[in-house]
Amino acid sequence: MATPVRDERPPFASLAGVELGALFQALPSPCYLLDEGALRQNGELMARLAQRTGCKLLLAQKAFSNYDLYPTLAPCLAGTEASGLYEARLGREEMPGKEVHVFCGAYREDEFDRLLNYADHIVFNSPRQLARFGPRAKAAGKSLGLRVNPECSTQEGHAIYDPCAPGSRLGTTRSQWDAQMTPELVGLLDGLHFHTLCEQDSDALETTLQAVEARFGDVLPRMSWLNFGGGHHITRPGYDLPRLEGCTRHAQERWGVEVYLEPGEAWALNAGYLRATVLDVLQNGETNIAILDASAACHMPDVLEMPYRPPLLGGGEPGEGPYTYRLGGPTCLAGDVIGDFSFSAPLEEGDSLLFGDMAIYTTCKNNTFNGMPLPAIWVRREDGGLEELVSFGYHDFKGRLGRR
Ligand SMILES: *Cc1c(COP(=O)(O)O)cnc(C)c1O
């Protein structure tokens, strides 16, 4: 199978010219393949943004936390963002010398002192949490923020990713602020944080920033920083960078704040793959089905949760090519379906498939439902060399279920 990759669309661009057969031969199946070169390109684009605007960029680790690759991103960023104690510790340990920021829906009494060992910036979700933990964090020299909810939904479709939806638990609304923020609490704050976007362009940021200013404009002059959260699809081709830069400069100049951005996916967008193999091919009525050794539910959970249809090398829209298949995992979940794709030749047992854009929200979110093995994680270095970072076995499944 001496077929070089010819697809130069973004998810597969980093493999253009690579011999697919040789690649598949070198890798186990299933297997995540992280692409160091693509990661560096994303990082460099972000670093130039930071240089031009003076904003500070953080890696939101919940999207991508394959720390073996942190040295590739480290020169491009100011620090990491964590969702709690463990990610904060990971950021402190694996991005030495960089800032550690944390936002959590609610902090725990039994963890908070340990969190103070790792975090530089601590962002609270509610005035009550700020009142409970803020004085201790302030005394420990931390920079404190409150996440606000500008009540400005800019996304359609992905309701589970909309923190501005009515009844949302994420962020403090203006009426909550007015009811609960005493002058003492306001005095504890160094900054405000908002996070309302998901895979969006900078027009949505602009709209959101205006909403933040409309609701919290009286507070901003006392703040020393403003964190724009994540969800900025900065490294996607066609993203409107000048508008983002405009938003950043506007906030810096109007409010005198330091601007932070904490994207997750943008750092590792299109910087990884999931290699899978066809285990069986069958037919049910008109539907051709291929069962793979990779599972949507276990190995690409956002395919079901978001939901979306992942990019597949050589896979067209259903009916576009002559042979259309529904690709599914080997689990017992009826809905463990990756999507319908068409091919130029029939699929056969043993065929290898390569899904694109699999570095984000995958390795950090996968699971062993049905006793499914976790795919190994490999890296493709910039010189084309392939290295295994980690592989998993039975004990990674059993070890989470009972006495070890
Ligand atoms: C998820 C999240 C991010 C990163 O979001 P991406 O969509 O991956 O860019 C940043 N900040 C907070 C608070 C988040 O919850």
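Derived scalar couplings between HN and Hα for the stretch 70-77 equal 4, x, 5, 8, 3, x, 9, 10 Hz in order, rounded to whole Hz, by the Karplus curve 6.51 cos²θ - 1.76 cosθ + 1.60 (θ = phi - 60°), x for Gly and Pro.
Accessible area of S14 (1.4 Å probe, protein heavy atoms only, ligands and nucleic acids ignored): about 40 Å². Per the Debye formula with a single identical scatterer at each Cα and no solvent contribution, what log10 I(q)/I(0) holds for the stretch 286-404 at q = 0.18, 0.19 Å⁻¹? Values returned for q = 0.18, 0.19 Å⁻¹ are -1.03, -1.12. Across the stretch 9-65, the fraction of Cα-Cα pairs farther apart than 13 Å, rounded to a whole number, is 73%. Near V18, the amide H atoms lying under 5 Å from its own belong to V5; only residues 5 or more places off or on other chains count, and H is placed 1.01 Å from N.
Accessible surface computed residue by residue for the chain, with neighbouring protein chains in place and a 1.4 Å probe, gives 44 Å² per residue.
Summary of packing: across the peptides 359-367, 133-141, 264-272, the per-residue average of other C-beta atoms within 10 Å ranks them, highest first, as 264-272, 359-367, 133-141. If I compute solvent accessible area with a 1.4 Å probe over the protein chains, what percent of it on the chain is carbon and sulfur? Here carbon and sulfur together make up 49 percent of the probe-accessible area. For the listed peptides 383-392, 306-315, a ranking on the average number of other beta carbons within 10 Å per residue, highest first, reads 306-315, 383-392.
An ellipsoid equivalent to the stretch 75-134, defined through the eigenvalues of its Cα gyration tensor, has semi-axes of 21, 11, 8 Å when rounded to whole angstrom and sorted largest first. Using heavy atoms of the protein chains and a probe of 1.4 Å, the accessible area assigned to E382 is about 100 Å². Between amide H atoms placed 1.01 Å from N, distances below 5 Å from V390 occur with I377, all of them 5 or more places distant or on a separate chain. The chymotrypsin sites (Phe, Trp or Tyr not before Pro) found in the stretch 29-100 include none that occupy coil by DSSP while having at most 16 further C-beta atoms within 10 Å. Expressed to the nearest 5 percent, the antiparallel share of DSSP beta bridges inside the chain is 45 percent. The coefficient of translational diffusion for the chain, derived via Stokes-Einstein from the alpha carbon Kirkwood radius under 4 °C and 1.567 mPa s, stands at 57 µm²/s.
Residues whose amide H lies under 5 Å from that of L353, counting only those 5 or more places away or on a different chain, are A276, T277, V278; hydrogens are built 1.01 Å from N in the peptide plane. Taking all protein chains together and rolling a 1.4 Å probe, F24 ends up with roughly 20 Å² accessible. Here the Karplus relation 6.51 cos²θ - 1.76 cosθ + 1.60, evaluated at θ = phi - 60°, turns the backbone of the stretch 210-216 into coupling constants of 4, 5, 4, 5, 5, 8, 10 Hz, with x for every Gly and Pro. Calculated on the Cα set of the stretch 260-336, radius of gyration then Dmax: 14.7, 54 Å. For the stretch 162-174, backbone phi angles converted through the Karplus equation (6.51, -1.76, 1.60; θ = phi - 60°) give residue-by-residue couplings of 10, x, 9, 5, x, x, 4, 8, 9, x, 9, 7, 5 Hz, Gly and Pro being listed as x. The ellipsoid equivalent to the alpha-carbon distribution of the stretch 38-102 has semi-axes of 19, 13, 9 angstrom, derived from the gyration tensor eigenvalues as √(5λ) and listed largest first.
The values are calculated or read from the model by the stated rules, or taken from the named source; none is laboratory data. Just so we're clear, the structure is a prediction, and the values are computed from it rather than from any experiment. Reconstructed Cβ throughout: ideal geometry from the backbone, glycine too, with neighbour counts over all protein chains shown. Calculation scope for accessible area: heavy atoms of the full protein, side chains included, ligands and nucleic acids excluded. Shrake-Rupley method; radii C 1.70, N 1.55, O 1.52, S 1.80 Å.
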